[in-house]
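Here is the structure we will look at, set down as structure tokens.
The values are calculated or read from the model by the stated rules, or taken from the named source; none is laboratory data. Source: prediction; values computed, not measured. When we count neighbours, we look across all protein chains shown, and the Cβ atoms used for this are built from the backbone with ideal geometry, even at glycine.
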Amino acid sequence: MMKIEKIIGEGSTAQVIVLDEKTVAKQFFERVSDSSIEHEYLRSKAVMDSGLPVPTIFEKVIHNGRTALLYERINGSPLTKKLSNQPWTALTLINQMAKLQVFVHDNEVSNFPYQKEILHRKIKLAQELTEAEKTLIAERLSKLPSGNSLCHGDFHPDNILLAERGPVIIDWADATQGTRLADLARTLIILRFGGLPAEMKLFKNKTVIYLRNLLAGQYLKSYRKSFHFTVDSLEKWILPVTAARLSESIPVHEKEKLVLLIRQCLKNDQYL
Ligand SMILES: Nc1ncnc2c1ncn2[C@@H]1O[C@H](COP(=O)(O)OP(=O)(O)O)[C@@H](O)[C@H]1O
Ligand SMILES: [Mg+2]
């Protein structure tokens, strides 16, 4: 008889299946290339040595005819779930998340891909912008600092699992060495514009926009409490980071909002 498997999570690249008490298999969709799976494997292994709260990665296997990575099973649910089920805890969660990101960035690394190279590559792929706009954005990016902080690359509330031992950061596929402010800029953009859980659709659009800006503002304030920087140095990253995000498979309505933000930045020569 065929064994029925329990799917406990699904992201944009894979389905995550429970194998036993202690192990899950992240089974990648057909369209994900073998080289990006290999990258995720190597990066997840590298962050295990950092002392950060991350799941142990075991091995790369073929499961159900598809490539999968075996990870330690984390008993906990994504921070997004708690945000929508217990919204009154939002401020505490946001502060906790910001502290965690500072903790990630405090690690200096030398064996990860370069953040600016990845951003350059993604900006070139953004179909919603003109060639002239992309050239201008790439020029601005070239002038920004490189840095050697460990950057998660996709630090958002769905990639943090709340477990008994505390919050655990998953999904290190896009980790780079770079500037913390670029990684922070991406988190802020996702908090403001990223995909919403279905139940949030019940709220009026204006309310949602207001609340999300409030959360992003609080996140920024909280991050700055642990690590100080000028708002100007962060704003410079908003433009390239937002343009790079256009190369990802995100909903059209989200892309439209990002394009508006990008054109507004270019027009006003300011970034937020
Ligand atoms: N080690 C793990 N233990 C328990 N659940 C996990 C684990 N890894 C991933 N998940 C669940 O699967 C979902 C998708 O995994 P993720 O690695 O973020 O995939 P994607 O790269 O497609 O976003 C997560 O949001 C989480 O709910
Ligand atoms: Mg994910």
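List every residue pair whose Cβ atoms sit under 7 Å apart, with the two residues 6 or more apart in sequence or on different chains, where the first one lies in segment 149-163 and is closer than 14 Å to residue 188 by Cα and the second, anywhere, is within 11 Å of ligand 2 (Cβ to nearest atom) and assigned to a loop (DSSP other than H, G, I, E, B).
Going by the 7 Å Cβ cut-off, the qualifying pairs are 152/172; 153/174; 154/171; 154/174.
Only one of these is crowded, with 19+ Cβ neighbours inside 10 Å, of a type outside the set (Lys, Arg) and either in a helix (DSSP H, G or I) or in contact with a Phe, Trp or Tyr (Cβ under 8 Å, 6 or more places away or on another chain) (or both): 177, 96. Name it. Even if it seems obvious, please write down each step before you answer.
Values: 96 fails: crowded, with 19+ Cβ neighbours inside 10 Å.
Matching residue, one of 177, 96: 177.
Name the single residue, out of those in segment 150-166 being of a type in the set (A, V, I, L, M, F, W, C) and more than 11 Å from ligand 2 (Cβ to nearest atom), that is surrounded by the most Cβ atoms within 10 Å (Cβ to Cβ).
Step one: of segment 150-166, the residues of a type in the set (A, V, I, L, M, F, W, C) are 150-151, 155, 160-163.
Filter once more, keeping what is more than 11 Å from ligand 2 (Cβ to nearest atom): 150-151, 162-163.
Details: 150: 25, 151: 28, 162: 19, 163: 15.
Residue satisfying both the conditions and the ranking: 151.
Return yes or no: is residue 59 in the same structural domain as residue 220 (by TED's automatic domain parsing), at pLDDT 95 or above and away from ligand 2 (no atom under 15 Å from the Cβ)?
On the way: in the same structural domain as residue 220 (by TED's automatic domain parsing): no; at pLDDT 95 or above: yes; away from ligand 2 (no atom under 15 Å from the Cβ): yes.
Taking the combined requirement at face value, the residue does not satisfy it.
What's the number of the only condition in (1) within 22 Å of residue 43 (Cα to Cα); (2) among the charged types (D, E, K, R); (3) out of contact with any Phe, Trp or Tyr (no Cβ under 9 Å at 6 or more places or on another chain) that residue 134 fails to meet?
Among (1) within 22 Å of residue 43 (Cα to Cα); (2) among the charged types (D, E, K, R); (3) out of contact with any Phe, Trp or Tyr (no Cβ under 9 Å at 6 or more places or on another chain), residue 134 violates only (1).
Taking the stated definitions as given, is residue 83 free of Cβ contacts under 8 Å to residues at least 60 places away in the same chain and either of a type outside the set (Asp, Glu) or under 30 Å from residue 142 (Cα atoms) (or both)? Quick ask: steps written out before the conclusion?
On the way: free of Cβ contacts under 8 Å to residues at least 60 places away in the same chain: no; either of a type outside the set (Asp, Glu) or under 30 Å from residue 142 (Cα atoms) (or both): yes.
Against the criterion (free of Cβ contacts under 8 Å to residues at least 60 places away in the same chain and either of a type outside the set (Asp, Glu) or under 30 Å from residue 142 (Cα atoms) (or both)), residue 83 does not qualify.
In segment 236-256, which residues are out of contact with any helix residue (DSSP H, G or I) (no Cβ under 9 Å at 6 or more places or on another chain) and not in a helix (DSSP H, G or I)?
Scanning segment 236-256 gives 249, 251.
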